[in-house]
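The values are calculated or read from the model by the stated rules, or taken from the named source; none is laboratory data. Just so we're clear, the structure is a prediction, and the values are computed from it rather than from any experiment. When we count neighbours, we look across all protein chains shown, and the Cβ atoms used for this are built from the backbone with ideal geometry, even at glycine. These area figures cover heavy atoms from the full protein model, side chains too; ligands, DNA and RNA do not enter into them. Shrake-Rupley method; radii C 1.70, N 1.55, O 1.52, S 1.80 Å.
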Amino acid sequence: MDKTRGATPPEDPATQAFEARIARGERIEARDWMPEAYRKTLIRQISQHAHSEIVGQLPEGEWITRAPSLERKAILLAKVQDEAGHGLYLYCAAETLGASRDELTEALLAGRAKYSSIFNYPTETWADVGIIGWLVDGAAILNQVPLQRCSYGPYARAMVRICKEESFHQRQGFDVVRTLAEGTPAQQEMVQDALNRWWWPTLMMFGPPDDASVHSARSMAWGIKQHTNDELRQRFVDQTVPQADFLGLRIPDDELRWNAQRKSYDFGAIDWDEFYEVIAGRGPCNRERLEARREAWRSGRWFREGLTAHARARGSEDAPRSAVERKAAS
Amino acid sequence: MKGLPLWEVFIRGRHGTSHRHVGSLHAADAATAIHRARDVYTRRGEGISIWAVRSEDIAASAPSKQGPFFEPSDTKVYRHPTFYDIPEEAGSM
């Protein structure tokens, strides 16, 4: 591959030294010099990832009050709480690059920031909760495991924590799916219906095909990304088809078949028009998801202000003052 | 969130180990920072003790001067026990 691909001119010695560090497998840390394009790429990727964790709480969160047993409810609550934690690890990693948390939040609420397209689909039945854990978290793990070796240290370390926790997410999802798949005909029908609806959107989670992926080449050169979108998608299909067979579920793809030569499954064409529609904000739940985040931000305002007021009332010098108070004090 | 200070979180995993940096978070004051650190960083028994330090209170060496700054340590090989040849007859040392 071409060694000089990248946004900055190869004659810049600082950039050359930087790329040499990455080539040696060194980790880049927060205060190290880095090309602006590297910083921007990471802020974009990490904050999108953080937004996905936060928005990702919504589709599953809807089922907390309707979980079929107290145990399932406690598990789902713990899982959704993990997603909030993942969002926080990632926002903090983005902040080490100089982005402020407020800016990132505002970009999400204003609809300027992207998050994973998968969370713009509705969770219609309890089976969807299982399918999300099994497939969506399963796909997320494949994306995230290589990121533990990402060239940017704070991101890589956040991913180590996240990957440990995702394993619980996928297994609890599989457990929900398995219970339904081994249940009554109505339960089997419900879980097959959920698989039918989530299969293709899950395959889209890996992003556009390699020849159409805007950011891939440079991200790979910079050690931010290690595998292409299509490689990871293929790995996901190969890993999931035998699991579906085990569960007695049918993957909704007539062209899916084992290719003995490639030792991989061939699968049907993905409807990329649908993907780009959802990315552009015209998916089934885009408006609803953003509105839920905005409402949470609005209705949490009194609490955020209360925290600061309480800290100040207790005489903590840590507490920031509001603009009005700063004016009054000066 | 607006302007809530940033804190660095350190956690002691088990008795007998030191506190290690695990990440950061925003909180209005020290007590809230510790509570949030518990919820964010110790959901699975990762720790028995938490420190939270305001990020702006941490002094740090400059990464750009890393080479010259740590040079005194790199050039003094005689600080390592393996620098010395000890005859086998002298016994374990």
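A few notes on this one:
- Loop-located trypsin sites (Lys or Arg not before Pro) across the range A:78-157 with a Cβ neighbour count of 13 or fewer within 10 Å are A:R112, with loop assigned by DSSP.
- In Hz, Karplus ³J(HN,Hα) per residue of the range A:250-264 (6.51, -1.76, 1.60; θ = phi - 60°; x = Gly, Pro): 10, 6, x, 8, 5, 9, 6, 7, 5, 10, 5, 5, 7, 6, 8
- Of the residues B:I48, B:T32, B:V9, the one whose Cα sits farthest towards the positive end of the charge dipole of chain B is B:T32 (charges of +1 on Lys and Arg Cβ, -1 on Asp and Glu Cβ, taken about the Cα centre).
- Folded to 0 to 90 degrees: helix B:30-41 orientation relative to chain B principal axis, Cα: 70 degrees
- Neighbouring Cβ atoms from other chains, within 10 Å of the Cβ of residues in B:23-35, number 6 on average.
- What separates the Cα centres of the range A:72-87 and the range A:170-212 is a distance of 19 Å.
- Lys, Arg +1 and Asp, Glu -1 on Cβ, resulting dipole of the protein assembly as shown about Cα centre, debye, nearest 20: 1320 debye
- Nonlocal amide H pairs with A:D12, under 5 Å, H built at 1.01 Å: none
- Net charge dipole size for the range A:148-242 [Lys, Arg +1 and Asp, Glu -1 on Cβ; Debye, nearest 20]: 540 debye
- More than 22 angstrom apart: percent of Cα pairs within chain B: 55 percent
- Residue by residue, the range A:139-145 carries 3J(HN,Hα) couplings of 5, 4, 4, 4, 5, 8, 4 Hz when phi is fed to the Karplus relation 6.51 cos²θ - 1.76 cosθ + 1.60 (θ = phi - 60°); x denotes Gly or Pro.
- For the range A:1-121, a simple Cβ point-charge model (Lys and Arg +1, Asp and Glu -1, everything else neutral) yields a dipole of about 240 debye relative to the Cα centre.
- Accessible surface ranking that places the most exposed of A:M159, A:M205 first, with a 1.4 angstrom probe: A:M205, A:M159
- Across the options A:Q188, A:P252, A:A140, the greatest Cα extent toward the positive end of the charge dipole of the protein assembly as shown (unit charges at beta carbon of Lys, Arg, Asp, Glu) belongs to A:A140.
- The accessible-area ordering, largest first, of the residues A:D193, A:D82 stands as A:D193, A:D82, per a 1.4 angstrom probe.
- Accessible-area value, A:R301, 1.4 Å probe, nucleic acids and ligands omitted, Å²: 140 Å²
- With all protein chains modelled, accessible area of A:I28 [1.4 Å, Å²]: 0 Å²
- When the residues B:E8, B:E88, B:E71, A:E189 are ordered by accessible surface, computed with a 1.4 Å probe over the protein chains alone, the sequence from largest down reads B:E88, A:E189, B:E71, B:E8.
- Here's how it looks for A:S264: its modeled amide H is under 5 Å from those of A:N259, which are all 5 or more places away or on a different chain.
- Taking every protein chain into account, the 1.4 Å probe leaves A:S151 with about 10 Å² of accessible area, to the nearest ten.
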